[in-house]
Amino acid sequence: MEQTGNLVHSIIKGIQEKKGNHIVVADLNGIDGAICQYFIICQGNSPAQVEAITESVGDMVRIELKEKPAHIVGLENAQWVAMDYTDVLVHIFLPDVRDYYDLEHLWDDAKLTHIPDID
């Protein structure tokens, strides 16, 4: 459990490094049918920023924890990138795509933690 907590912390640092905003951590522990322990959801304001956040998260986790994502999908359009760290799924959206899919409310039972934006 501590390793997963460290992973969540490193991912958030990577997002904040590139000014990703509106970060939400959805705790899916104890929810039947959950595909992982945590969703981390954030957004960038342009496809270039979404790509930069993705790269920053990958670098931060690799440097701090020596881990790489099992899969990364969505970089070709950079509107919604998903990074699969097995226990943690990272979703990096453009604002309108995030609003459309509304992942925060997909798992109604999840405990949501909103991380303050860094100015």
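The values are calculated or read from the model by the stated rules, or taken from the named source; none is laboratory data. Note that the coordinates shown come from a computational prediction; the quantities given were computed from them, not determined experimentally. Cβ sites come from the backbone with ideal geometry, for glycine too, and all protein chains shown count toward neighbours. The area values use the complete protein model at the heavy-atom level, side chains included, leaving out ligands, DNA and RNA. Shrake-Rupley method; radii C 1.70, N 1.55, O 1.52, S 1.80 Å.
Observations, loosely collected:
- The chain - mean residue ellipticity at 222 nm from DSSP helices (-39,500 (n - 2.57) per run, n ≥ 4, rounded to 500): -11500 deg cm²/dmol
- Shape category assigned to the range 69-117 from the gyration tensor of Cα positions, a/c cut at 1.5: oblate
- Close amide H pairs (under 5 Å, H built 1.01 Å from N) link L28 with Y38, F39, residues at least 5 positions away or on another chain.
- Accessible surface for V8 stands near 20 Å², nearest 10, in the context of the full protein assembly shown (1.4 Å probe).
- Within the shell defined by Cβ-Cβ distances under 14 Å, the residues around K111 carry a net charge of -4, with Lys and Arg each +1 and Asp and Glu each -1.
- Along the range 61-72 the Karplus relation, 6.51 cos²θ - 1.76 cosθ + 1.60 evaluated at θ = phi - 60°, assigns HN-Hα couplings of 5, 5, 5, 7, 10, 6, 10, 10, x, 5, 8, 9 Hz to successive residues, with x for each Gly and Pro.
- Nitroxide proxy distance, nm - points 7 Å out along Cα→Cβ at H22 and L103: 1.3
- Candidates A26, A82, A34, ranked by Gaussian network fluctuation over the chain, Cα under 10 Å, top entry: A34
- Residue-span extension gain [I118 to H9] - 0.36 nm each, minus C-alpha spacing: 37.8 nm
- Phi angles across the range 3-8 convert, under the Karplus curve 6.51 cos²θ - 1.76 cosθ + 1.60 with θ = phi - 60°, into 3J(HN,Hα) values of 5, 5, x, 5, 4, 4 Hz, Gly and Pro given as x.
- Electrostatic tally near D102: other residues with Cβ closer than 15 Å to its Cβ, Lys and Arg +1, Asp and Glu -1, net -3.
- For E67, the amide hydrogen comes within under 5 Å of the amide hydrogens of R62, counting only partners 5 or more places away or on other chains and with H modelled in the peptide plane.
- Of all beta bridges that DSSP places with both ends in the chain, some 75 percent have antiparallel geometry.
- Options (1) 38, 30, 21; (2) 36, 34, 28; (3) 49, 36, 25 - which one matches Cα extents along the principal axes in Å as calculated here: (2)
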